[in-house]
Amino acid sequence: MKIIYPHMGTLTMVAEQLIEEMGQEPVTPDRPTRQTLALGARYSPEFACIPFKLCLGTYLEGLEKGADTIVSGGGYGPCRAGLYGEIHRRILNDMGYDPEFIFFWPPLKKPFDFVKKLGRVKGSSSWLDLVKIIRRAWAKLAALDELELLAQDIRPCELQKGDTSRAFNRGAAYLASARGLSEIAEAREAALQELNGVSWDREADPLRVGIIGEIYVQLEPFANLYVEETLGEMGVRVRRSIYLTSYTKHDVISTKGDLRSKKLARPYLPQLIGGHGQNSVGDVIRYSRTGYDGVVQLAPFTCIPEIVAKSLMPHLSREYNIPVLTLFIDEQTGSTGTETRLEAFVDLMLQRRERERELADQSGKPELPCSLTG
Ligand code: SF4
């Protein structure tokens with residue numbers, strides 16, 4: 001099989017390794033570009049969300065490169081992600097393509113279906129081999145998360161703008177080509193060394209912002225217009241509500257989602273609304289309680305779960321005293337406009353922090369504790 005799959009941040013490297021080690025040929029997707037998006041948007045329903053359009057564009061590029069199979073994950077719950085596979089299939093069939101589609105549902109939702117599809121992709125590898133393959137993939141996933149967290153810590157304090165991103169890219173490339181467990185461990189060491197070699201201001205006290213919202217736009221930098229890097233280079237330490245390892249644990253293996261956020265969201269939004277909408281509500285509360293200066297919500301245009309969550313943001317922002325900026329993203333969203341909005345948001349957070357420090361000085365109260373572990 002020649003397999004194409006969606007490009008979703010660093011997960012792409014792990015997917016490539018998994019497919020290769022199962023004896024199949026990955027048609028590794030390039031990071032999406034404006035062209036990928038335009039291609040996907042041209043053949044998608046107008047009001048489809050941006051992840052749908054980007055995935056379709058990526059599949060079309062992969063099919064042109066010779067892919068004969070499309071592998072992806074299906075969502076569950078009341079959101080269109082559960083219909084992605086079928087709609088993509090119909091669009092591609094209408095265009096004259098006839099690839100094999102393998103869409104995985106979370107194993108606990110449809111265990112037999114999952115095992116059957118895994119059996120198809122794993123080819124002649126034994127189930128024992130598969131356990132070892134998954135172990136290696138998990139080691140890479142964890143190393144990539146560790147690298148991202150360190151980059152998010154260093155970037156706002158770097159002395160030379162862009163050094164962190166360059167070091168991160170070099171480190172990620174080491175991990176991309178590493179295969180066995182010891183190779184992955186060595187690549188992880190070398191990658192962390194690259195980042196630890198960046199000169200940064202150890203006295204700096206950057207703003208802290210939590211990034212919340214839909215998974216694809218959180219994890220794929222092209223889809224979010226590089227919001228994480230942009231904020232970092234504006235002097236902001238970011239944390240996303242979703243990382244690869246936490247997503248795998250909460251949404252793939254368990255399917256219950258991040259229960260910490262869901263519990264906090266319940267008084268405001270008691271039912272599941274699909275995607276990460278309920279989590280977005282709880283995450284605002286979580287970030288406010290751990291001393292963050294603000295929250296950026298990333299929402300694909302027409303994404304119902306994030307639209308519902310957004311309707312609660314003004315209330316949560318007032319009640320928990322934390323500024324929230326919502327960015328709705330589609331193919332018309334430009335990077336300059338987004339950058340201007342982020343700059344204004346950073347100014348607002350700085351002024352707010354200054355005012356709160358003055359008030360704390362006057363009243364003699366200590367400041368809120370800060371946590372970077374969220
Ligand atoms: S959560 Fe939103 S963006 Fe993601 S698939 Fe569902 S509707 Fe689309």
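Structure notes:
- A Förster radius of 22 Å, combined with the Cβ-Cβ distance separating residue 311 from residue 271, puts the computed FRET efficiency at roughly 0.95.
- Helix-only mean residue ellipticity at 222 nm for the chain, each DSSP H run of n ≥ 4 adding -39500 (n - 2.57), per residue, nearest 500: -17000 deg cm²/dmol
- The charge dipole of the chain, taken about the Cα centre with unit charges on the Cβ atoms of Lys, Arg (+1) and Asp, Glu (-1), comes to about 1300 debye, rounded to the nearest 20.
- Cβ crowding within 10 Å, taken as a proxy for footprinting-reagent exposure, orders 273, 307 from fewest neighbours to most as 307, 273.
- Farthest toward positive dipole pole in the range 126-202 [+1 Lys/Arg, -1 Asp/Glu at C-beta], among 128, 169, 144: 128
- 10 Å beta-carbon shell around residue 51, net charge (K/R +1, D/E -1): 0
- Fewest neighbouring Cβ atoms within 10 Å first, the residues 258, 201, 251, 94 line up as 94, 201, 251, 258.
- C-alpha center-to-center spacing [the range 213-273, the range 287-366] in angstrom: 15
- Pairwise Cα distances in the chain exceed 31 Å for 37 percent of all pairs.
- Added length on full extension, which subtracts the Cα-Cα distance from 0.36 nm per residue, residue 134 to residue 253: 41.6 nm
- Cβ-based net charge around residue 326, under 9 Å, with every Lys or Arg adding one and every Asp or Glu removing one: 0
- Where chymotrypsin sites (Phe, Trp or Tyr not before Pro) fall in DSSP loop in the range 1-68, at most 11 other Cβ within 10 Å: 47
- The residues packed around residue 88, meaning those with a beta-carbon under 12 Å from its beta-carbon, carry a net charge of +2 if Lys and Arg are +1 and Asp and Glu are -1.
- Hits among aspartates and glutamates - C-alpha to C-alpha of residue 262 under 12 Å, sequence gap 8 or more where chains match: 283
- Qualifying GluC sites (Glu not before Pro) in the range 34-81, where qualification requires a DSSP coil assignment and no more than 16 other C-beta atoms within 10 Å, comprise 46.
- When the C-alpha to C-alpha distance is required to be over 30 Å, the pairs from 161/249; 53/263; 65/161; 249/310 that qualify are 161/249; 53/263; 65/161.
- For the range 171-221, chymotrypsin sites (Phe, Trp or Tyr not before Pro) are listed when DSSP marks them as loop and at most 11 other Cβ atoms sit within 10 Å of their Cβ; the list is empty.
- Cα-projected label distance for residue 185 with residue 126, points at 7 Å along beta-carbon direction, nm: 2.4
- As a proxy for reagent exposure, 276, 7 were ordered by neighbouring Cβ count within 10 angstrom, fewest first; the result is 7, 276.
- Across the range 1-131, the convex hull enclosing all Cα atoms gives 109 Å³ per residue.
- Where labels lie 7 Å past Cα in the beta-carbon direction, separation of residue 203 and residue 360 in nm: 1.9
- Candidates 62, 364, 275: whichever shows maximal mean-square fluctuation once the chain is modelled as a Gaussian network with Cα springs under 10 Å: 364
Here, each number is a calculation from the coordinates, and none is a lab measurement. A quick note: this is a predicted structure, and the numbers were derived from the prediction, not measured. Reconstructed Cβ throughout: ideal geometry from the backbone, glycine too, with neighbour counts over all protein chains shown.
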